[in-house]
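Every number in this text was worked out from the coordinates using simple rules, so none of it is lab data. This one's a predicted model, so the numbers in the text were calculated from it and none came from an experiment. So basically every Cβ, Gly included, is an ideal-geometry build from the backbone, and we count neighbours across all protein chains shown.
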Amino acid sequence: MSSFFGILLALACALATNVGFLYKHRGACAAPAVDIRRPLATAAALFASPLFTIGWVIGAGAWVFHVAAMSVAPLSLVQAVLAGGIVLLAVMAEQMLGCRVGRRQWLGLGLTAFGLMLLGFTLPASHGAHSRFSIPGMIAFEAGLIVVGALLILGRRMGAPEEHHGYMLGAASGILFGVSDVAIKAISGLVGSSGVAGLASPWTFVCVAASVAAFYSSAKGLQDGDAVPVIAVTGTAANVAGIVGGFIVFGDPLPANPVSLIVQCVAFALVVGAAWLMPAPVGAAAPAVARAVA
């Protein structure tokens with residue numbers, strides 16, 4: 001019963017997350033460029049945009065649903081349900097805000113949704129919240145995600161194509177959101193066993209630091225990239241990080257059936273292939289301002 005309630009909460013989170021991101025995209029494009037050297041002034045400028053503030057408030061509500069879902073259901077199950085929300089992204093982007101979605105993006109979204117749904121269907125049945133975790137596994141997993149996120153943020157300085165910078169920042173912010181999600185899952189278990197004292201954990205600091213870093217990288221990615229690819233890769237990176245974290249850190253069960261394991265490998269391959277398709281071709285890249293007013 002708790003897992004079913006967690007699924008309903010995750011569905012509500014998926015819907016609110018997409019709506020929030022679409023509003024934040026328009027608001028971020030109307031705000032001055034993100035400058036991490038001036039974090040307070042940058043945050044003030046972003047929140048001075050009404051659309052960004054609306055999107056952030058909606059996203060905050062989605063976060064509450066997310067935390068509630070993770071507290072009652074296994075992390076991998078919650079993230080798999082959230083992944084289904086990507087199916088709605090392109091339709092919502094076109095109907096709500098008039099964002100243009102190209103064929104590559106439609107194909108990428110379709111492959112991503114199909115791959116993540118395959119992954120969700122092959123997850124074994126779970127009972128309980130699965131909040132117990134291995135401390136060494138947690139440290140190694142979170143540190144690995146942070147390193148990958150940092151490399152993506154620094155990608156332009158390391159020679160990555162300029163036109164893919166927004167997309168890479170979206171992936172980085174998704175990974176950092178994944179760091180936060182895994183930490184929140186651990187905190188929920190600590191609070192369940194120790195009460196409020198469980199909040200006095202190093203993972204609370206990790207959660208806050210990752211969330212702040214994701215806030216700025218996400219805003220900059222939304223400014224520099226097309227709405228649908230950036231939002232899609234952000235959600236996909238967070239979902240994959242959460243699903244893998246559920247397996248590695250919290251011991252969520254893997255399928256015992258070899259066929260299901262093969263299907264899961266195919267599902268991850270589809271998601272990786274979709275990530276390659278989502279950015280627009282180099283020749284079709286357009287300035288961020290033009291995209292914002294299209």
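I want the local charge near residue 138. Using Cβ-Cβ distances under 15 Å, sum +1 for each Lys or Arg and -1 for each Asp or Glu among the other residues. Net charge in that neighbourhood comes out at -1. Modelled this way, with points 7 Å down the Cα-to-C-beta line, the labels at residue 158 and residue 205 are 2.6 nm from one another.
The residues packed around residue 166, meaning those with a beta-carbon under 9 Å from its beta-carbon, carry a net charge of -2 if Lys and Arg are +1 and Asp and Glu are -1.
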